[in-house]
Amino acid sequence: MAALTTLKRLFELAPTEAANAELRPLLLRAANATPDLAAVTFDLLAKRMGSHGPDLLYEIAINPGMGKHPVERANTLLAEEGVRSLASKALLVADDLRRMKRCPTKPLIDRARQQGDVRALHYLNPIKKPVKCGFLNLSRCTPCSSVYAETVAAIQEIELRRDGQ
């Protein structure tokens with residue numbers, strides 16, 4: 001608890017320290033710790049770390065090694081407008097793709113093409129892979145065929161940006 005209190009003060013005095021990669025493991029462990037530590041940690045992530053907080057919330061939400069409570073809390077916070085307003089456009093695209101139940105819409109794919117990063121690729125790449133379908137599963141169909149071409153174009157643009165960095 002003392003470390004988290006110190007981090008809260010650190011982020012107040014030196015907001016750029018929220019980007020310090022050495023703090024990431026501490027925050028992830030604390031989010032998965034006892035309820036009182038987790039509550040303080042989620043407050044830091046949601047309110048005190050600028051765009052770095054939502055990035056860590058997303059990491060918690062997709063991390064299979066995290067407990068049920070931290071994942072649920074991270075998902076809840078990522079849906080809140082105050083947290084979304086701090087998040088980068090790339091994170092918002094990845095989170096929206098992650099939450100989709102069916103095929104993405106063309107506007108969402110267009111956002112991914114313009115603003116997405118490597119996190120979006122995790123959700124876009126499966127769309128371009130054929131699956132077995134049809135009579136006795138003898139055909140090879142493309143899931144989300146209505147947005148296939150747009151998805152491939154978005155993947156290519158994201159990969160170009162990634163390779164150019």
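About the Cα centre of the chain, what is the dipole size in debye to 20, counting +1 per Lys and Arg Cβ and -1 per Asp and Glu Cβ, all else neutral?
So the magnitude is around 600 debye.
Under the Karplus relation 6.51 cos²θ - 1.76 cosθ + 1.60, θ = phi - 60°, what is the ordered set of whole-Hz ³J(HN,Hα) values for the stretch 92-99, x standing for Gly and Pro?
Calculated HN-Hα couplings, in order: 4, 4, 4, 5, 5, 5, 4, 7 Hz.
Would you please put 134-142, 79-87, 94-102 in order of how densely packed they are, using the mean number of other Cβ atoms within 10 angstrom per residue and starting with the highest?
Ranked by mean Cβ neighbours within 10 Å, highest first: 94-102, 79-87, 134-142.
What is the packing order of peptides 113-126, 7-20, taking the mean over residues of other C-beta atoms within 10 Å and listing the highest first?
Peptide ranking by packing, descending: 113-126, 7-20.
Take the Cα atoms of the stretch 38-84, find their three principal axes, and give me the spread along each one in whole Å, biggest first.
25, 18, 15
First check a/c for the stretch 1-67, with a ≥ b ≥ c the square roots of the eigenvalues of its C-alpha gyration tensor; if it is under 1.5, answer rounded, and if not, answer prolate when a/b is larger than b/c or oblate otherwise.
It comes out oblate by the Cα gyration axes.
For the chain, what mean projected area does the convex hull of the alpha carbons give, in nm²?
11.4 nm²
Report the FRET efficiency, 1/(1 + (r/R0)^6), for ALA149 and GLU12, where r is their Cβ-Cβ distance and R0 is 41 Å, rounded to 0.05.
That gives a FRET efficiency of 0.25.
Can you put THR151, THR34 in order, fewest other beta carbons within 10 Å first?
THR34, THR151
If I take all pairs of Cα atoms in the stretch 70-113, what percentage of them are more than 17 Å from each other?
Across the stretch 70-113, Cα pairs with separations above 17 Å total 34 percent.
Charges only on Cβ, +1 for Lys and Arg, -1 for Asp and Glu: so what's the dipole of the stretch 101-165 about the Cα centre, in debye to the nearest 20?
The calculation lands at about 300 debye.
Each reported figure results from applying straightforward, stated rules to the coordinates on display, with no laboratory input. Computed from a prediction, not measured in an experiment: that's the story for all the values here. A quick note on method: Cβ atoms are made from the backbone with ideal geometry, for glycine too, and the neighbour counts reach across all protein chains shown.
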